[in-house]
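*Asks:* One structure is given below, represented as structure tokens, and several questions about it will come after.
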Amino acid sequence: MGSAARRGRAAPAARDCLPVLLLFCLLLRTCEPKAANAFRPNILLIMADDLGIGDLGCYGNKTLRTPNIDQLAEEGVRLTQHLAAAPLCTPSRAAFLTGRHSFRSGMEASNGYRALQWNAGSGGLPENETTFARILQQRGYATGLIGKWHQGVNCASRADHCHHPLNHGFDYFYGMPFTLTNDCDPGRPPEVDAGLRAQLWVYTQCLALGILTVAAGKTCGLISVSRTAVAGMAGLLFLFFISWYSSFGFVRRWNCILMRNHDVTEQPMVLENTASLMLKEAVSYIERHKHGPFLLFLSLLHVHIPLVTTRAFLGKSQHGLYGDNVEEMDWLVGGKGMAGWEGGIRVPGIFRWPGVLPAGRVIDEPTSLMDVFPTVVQLAGCEVPQDRVIDGHSLVPLLQGTETHSAHEFLFHYCGQHLHAARWHQKNSGSVWKIHYMTPQFHPEGAGACYGRGICPCSGEGVTHHRPPLLFDLSRDPSEARPLTPDSEPLYHAVMARVGAAVSEHQQTLRPVPQQFSMSNIVWKPWLQPCCGNFPFCSCHEDGDGIPRMPAL
């Protein structure tokens with residue numbers, strides 16, 4: 001299969017913590033409307049990382065077993081053109097929580113880092129952003145988050161928790177403030193700041209070679225330098241090496257932690273136990289609040305690398321460790337960075353509300369993860385904020401069938417702060433036009449994703465600027481395999497002009513904001529590090545009674 005044909009397919013090895021599965025009002029009979037609480041249903045949102053649209057049985061996969069999710073699709077509404085708001089996790093989650101493109105809150109990168117790197121960085125979702133949890137909390141909802149956050153923790157001190165879920169409308173949090181990385185598994189190669197580590201190692205080797213050259217010159221009488229000076233240089237090199245090597249050696253202990261509300265409960269976390277802990281917490285939360293109203297956001301760690309899977313599911317699928325992880329994720333319920341290509345942003349979306357939403361309905365209209373914000377707010381009987389741009393639209397009319405077309409006429413696909421593509425849903429014709437202004441250069445050449453780089457770049461030498469832009473009709477070519485030309489498409493110039501005008505209008509809404517991924521916000525700061533026990537050897541685990549225990553000395 002050629003590379004162009006692969007672009008429309010999900011590529012598990014090439015996605016980075018992209019939130020790709022949304023299940024709404026699921027598994028809960030308490031979602032059924034009651035007379036006294038008709039406009040305040042209990043709401044359960046389930047999100048999974050790095051799950052491709054072709055990985056579920058209800059989306060056509062015949063080899064992976066996902067019976068629980070498939071049943072939810074049969075009993076609810078399935079979206080076929082559901083789109084992530086960004087190709088990476090931190091910005092996409094920010095957009096999901098706020099209903100706004102992530103660059104509006106500074107949760108997107110202009111260059112360099114494109115996701116938060118440390119629990120002890122100072123960047124994160126700004127306090128002045130409004131999440132759907134905050135609005136529902138003000139409406140009287142109990143609001144819980146169980147699982148992954150990855151929106152930051154602290155700003156200026158270890159305990160200010162300015163970016164913490166409890167400061168963004170959630171009144172209960174249990175889970176991982178960061179995200180899963182290879183560093184969380186002692187047997188995996190390093191991932192966090194792997195590029196910087198490689199540079200520091202090169203610098204160390206160059207400095208060591210320089211010192212050895214000086215020492216050799218001293219021994220041969222070619223250089224007049226004291227032994228004390230050589231020894232001093234060697235000592236400084238050793239301190240340099242120890243300082244950066246030891247800090248990165250603590251990545252697992254500093255980033256891979258679990259918290260309950262404001263307290264660290266497990267540091268470092270035991271990956272093999274995490275799935276069952278999350279399930280236990282979710283069931284407990286639902287049982288405590290089942291009489292409602294409540295909002296629970298269950299943010300799964302599946303199916304993100306390092307794909308840690310419990311023994312019961314290892315080797316059970318036909319697709320190796322990734323397949324095992326998908327099937328375990330399905331049990332819990334009952335792409336990476338490909339910029340604007342469909343394989344990197346089109347994701348599964350399932351909504352279930354017994355007695356309200358029609359069972360087995362399929363919607364082929366363009367929708368976005370940003371639509372969850374206004375949808376949840378409307379269901380709770382609230383109004384979306386009027387003091388800011390909200391990019392999402394409520395899905396309630398579409399889901400209930402009172403509207404046949406999506407409220408999105410245009411959707412804009414960003415990679416970092418760079419507009420890579422735009423989509424026009426031409427409602428009168430049913431066509432879905434997609435224009436690519438720039439695309440990442442897949443690596444290795446001819447591949448369908450950036451396997452050689454890990455994450456596709458957003459700008460610079462790693463992208464191709466298309467002049468003229470690439471045009472596709474997704475209604476006829478969902479895999480984006482056949483670019484249209486003026487000769488092959490009579491509407492080519494009209495479509496280009498219409499989408500270009502929409503892009504110009506959209507860009508008029510952009511405003512400068514503080515950048516949360518700036519170097520000063522991204523770097524690790526020891527005074528911001530969440531820690532139980534003695535810093536830097538932070539260590540604790542939680543006993544069955546829910547009380548954190550320090551290890552015996």
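*Asks:* Would it be correct to say that VAL384 is over 16 Å from LEU83 (Cα atoms), open to solvent by less than 20 Å² (accessible area, probe 1.4 Å) and of a type in the set (Val, Ile, Thr)? Working first, answer last.
*Replies:* On the way: over 16 Å from LEU83 (Cα atoms): yes; open to solvent by less than 20 Å² (accessible area, probe 1.4 Å): no; of a type in the set (Val, Ile, Thr): yes.
For VAL384, the condition - over 16 Å from LEU83 (Cα atoms), open to solvent by less than 20 Å² (accessible area, probe 1.4 Å) and of a type in the set (Val, Ile, Thr) - is not met.
*Asks:* If you don't mind, there's one more thing I want to ask. Given the structure, is ASP330 in contact with a helix residue (DSSP H, G or I) (Cβ under 8 Å, 6 or more places away or on another chain), modelled with pLDDT under 90 and either within 18 Å of ARG104 (Cβ to Cβ) or not in a loop (DSSP other than H, G, I, E, B) (or both)?
*Replies:* The answer is yes for ASP330.
*Asks:* Any idea which of ARG476, ARG511 is in contact with a Lys or Arg (Cβ under 8 Å, 6 or more places away or on another chain) and either surrounded by fewer than 16 Cβ atoms within 10 Å (Cβ to Cβ) or assigned to a loop (DSSP other than H, G, I, E, B) (or both)?
*Replies:* Of ARG476, ARG511, the one residue that is in contact with a Lys or Arg (Cβ under 8 Å, 6 or more places away or on another chain) and either surrounded by fewer than 16 Cβ atoms within 10 Å (Cβ to Cβ) or assigned to a loop (DSSP other than H, G, I, E, B) (or both) is ARG511.
*Asks:* Quick one: in the stretch 159-190, of everything that is of a type in the set (A, V, I, L, M) and modelled with pLDDT under 95, which residue is surrounded by the most Cβ atoms within 10 Å (Cβ to Cβ)?
*Replies:* The extreme case among them is LEU180.
*Asks:* Moving on. Return the residues of the stretch 108-153 that are among the hydroxyl-bearing types (Ser, Thr, Tyr), open to solvent by less than 20 Å² (accessible area, probe 1.4 Å) and part of a loop (DSSP other than H, G, I, E, B); say none if nothing qualifies.
*Replies:* SER122, THR131, TYR141
*Asks:* Still on this structure, please answer the following. Is it the case, given these coordinates, that SER429 is at pLDDT 90 or above, out of contact with any Lys or Arg (no Cβ under 8 Å at 6 or more places or on another chain) and either open to solvent by less than 30 Å² (accessible area, probe 1.4 Å) or under 22 Å from THR80 (Cα atoms) (or both)?
*Replies:* no
*Asks:* Hey, another quick one. Inspect the stretch 442-453 for any residue being under 27 Å from the mean Cα position of the chain (by Cα), among the basic types (Lys, Arg) and in a strand (DSSP E or B) and give the result as yes or no.
*Replies:* Within the stretch 442-453, none of the residues are under 27 Å from the mean Cα position of the chain (by Cα), among the basic types (Lys, Arg) and in a strand (DSSP E or B).
*Asks:* Taking the stretch 498-508 as the region of interest, how many residues are loosely packed, with under 11 Cβ neighbours inside 10 Å and part of a helix (DSSP H, G or I)?
*Replies:* The total comes to 3.
*Asks:* Let me ask something additional. For the subset of the stretch 112-134 comprising residues that are farther than 16 Å from GLN515 by Cα and aliphatic (A, V, I, L, M), which member is modelled with the highest pLDDT?
*Replies:* ALA133
*Asks:* Being at pLDDT below 95, over 28 Å from ALA95 (Cβ atoms) and not aromatic (Phe, Trp, Tyr) narrows it down to one of PRO478, PRO551, PRO486, PRO514, so name that one.
*Replies:* That would be PRO551, the only listed residue that is at pLDDT below 95, over 28 Å from ALA95 (Cβ atoms) and not aromatic (Phe, Trp, Tyr).
*Asks:* In addition: Just to be sure, is LEU72 open to solvent by less than 10 Å² (accessible area, probe 1.4 Å), at pLDDT below 95, over 30 Å from CYS538 (Cα atoms) and not small (Gly, Ala, Ser)?
*Replies:* Taking the combined requirement at face value, the residue satisfies it.
*Asks:* Name the residue that is surrounded by the most Cβ atoms within 10 Å (Cβ to Cβ), counting only residues in the stretch 514-535 that are assigned to a loop (DSSP other than H, G, I, E, B) and among the aromatic types (Phe, Trp, Tyr).
*Replies:* PHE517
Yes or no, residue by residue, for (1) out of contact with any Leu (no Cβ under 6 Å at 6 or more places or on another chain); (2) under 21 Å from GLN417 (Cα atoms); (3) not basic (Lys, Arg):
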{"position": "CYS456", "(1), (2), (3)": "yes, yes, yes"}
{"position": "HIS465", "(1), (2), (3)": "yes, yes, yes"}
{"position": "LEU470", "(1), (2), (3)": "yes, yes, yes"}
{"position": "PRO486", "(1), (2), (3)": "yes, no, yes"}
{"position": "VAL495", "(1), (2), (3)": "yes, no, yes"}
{"position": "ARG498", "(1), (2), (3)": "yes, no, no"}
{"position": "VAL503", "(1), (2), (3)": "yes, yes, yes"}
{"position": "GLN507", "(1), (2), (3)": "yes, yes, yes"}
{"position": "ARG511", "(1), (2), (3)": "yes, yes, no"}
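*Asks:* Given the structure, is ALA156 loosely packed, with under 15 Cβ neighbours inside 10 Å and not aromatic (Phe, Trp, Tyr)?
*Replies:* Taking the combined requirement at face value, the residue satisfies it.
The values are calculated or read from the model by the stated rules, or taken from the named source; none is laboratory data. Please read all numbers here as calculations on a predicted model, not as lab measurements. Backbone-built Cβ (ideal geometry, glycine too); neighbour counts: all protein chains shown. What goes into the accessible areas is simple: the full protein's heavy atoms, side chains included, and nothing from ligands, DNA or RNA. Shrake-Rupley method; radii C 1.70, N 1.55, O 1.52, S 1.80 Å.
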